[in-house]
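A.B. asks: There's a structure below that I have some questions on.
The values are calculated or read from the model by the stated rules, or taken from the named source; none is laboratory data. Please read all numbers here as calculations on a predicted model, not as lab measurements. As a convention, Cβ positions derive from the backbone with ideal geometry for all residues, glycine included, and neighbour counts pool all protein chains shown. Please note that ligands, DNA and RNA were not included when accessible areas were found on the heavy atoms of the full protein model with its side chains. Shrake-Rupley method; radii C 1.70, N 1.55, O 1.52, S 1.80 Å.
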Amino acid sequence: MAYSSVPTGVAPLSRRQLLISCLLGFAFWFVAAMILRLVGPMGGLEGSARAITFALVVPGTIPVVYLFRAAAGLVGDQLLMGVAVGTMVAAFCDGIALSWVPQLYGNGLAQLAGSGATILWGAGVVLLLALLIGRRGNH
């Protein structure tokens, strides 16, 4: 059996697709951070409102996956790959911002923790949606 660096059924991403995925990852992270900066002071990251915010992330993230697919020209298993690259960029940005520019998310430790948790939740959601939507598109 010959070794292949690309798993069966997964097409590698072109440089253009990688660049677009990175740019979209940064853009969506920044938009999410700004939304959370607004939602936090309204109580959207506290108590039962946090569950509502988490729930709203799911339908709010569906268009993001389709935008990744359209903008980067991703097909089949490339969708998960491209979204994973974008999520990697978002995770890097989030880690840097939480550590060195926490005021980006607003004031207070509760706001910071709630924003970080919501972005982490959103990363999982977008990856799951990319997996499901990409797989559905293959059949």
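A.B. asks: List every residue pair whose Cβ atoms lie under 6 Å apart, where the two residues are 6 or more positions apart in sequence or sit on different chains, the first residue falls within the stretch 97-120 and is at negative phi, and the second residue, located anywhere, is at pLDDT 95 or above and charged (D, E, K, R).
C.D. replies: Y105/R37; I119/D94
A.B. asks: Please enumerate the residues belonging to the stretch 12-25 that are open to solvent by 100 Å² or more (accessible area, probe 1.4 Å) and under 15 Å from the mean Cα position of the chain (by Cα). Before the answer, list the steps.
C.D. replies: So in the stretch 12-25, the residues open to solvent by 100 Å² or more (accessible area, probe 1.4 Å) come out as 15-16, 19, 23.
Hit for the stretch 12-25 is L23, nothing else.
A.B. asks: Right, something else. Give me a count of the residues in the stretch 56-72 that are open to solvent by 60 Å² or more (accessible area, probe 1.4 Å), within 16 Å of G122 (Cα to Cα) and either without any contact (Cβ under 8 Å) to a residue 12 or more places away in the chain or in contact with a His (Cβ under 8 Å, 6 or more places away or on another chain) (or both).
C.D. replies: Total satisfying the criteria: 3.
A.B. asks: Given (1) over 23 Å from L109 (Cβ atoms); (2) crowded, with 16+ Cβ neighbours inside 10 Å, where does A33 come up short, assuming only one miss?
C.D. replies: (1)
A.B. asks: Of the numbered conditions (1) open to solvent by 80 Å² or more (accessible area, probe 1.4 Å); (2) over 14 Å from the mean Cα position of the chain (by Cα), A49 fails exactly one; give the number of that condition.
C.D. replies: A49 satisfies all of (1) open to solvent by 80 Å² or more (accessible area, probe 1.4 Å); (2) over 14 Å from the mean Cα position of the chain (by Cα) except (1).
A.B. asks: Now a separate question. If you go through the stretch 73-104, how many residues are at pLDDT 95 or above, open to solvent by 30 Å² or more (accessible area, probe 1.4 Å) and closer than 15 Å to R135 by Cα?
C.D. replies: Summing the residues that are at pLDDT 95 or above, open to solvent by 30 Å² or more (accessible area, probe 1.4 Å) and closer than 15 Å to R135 by Cα in the stretch 73-104 gives 3.
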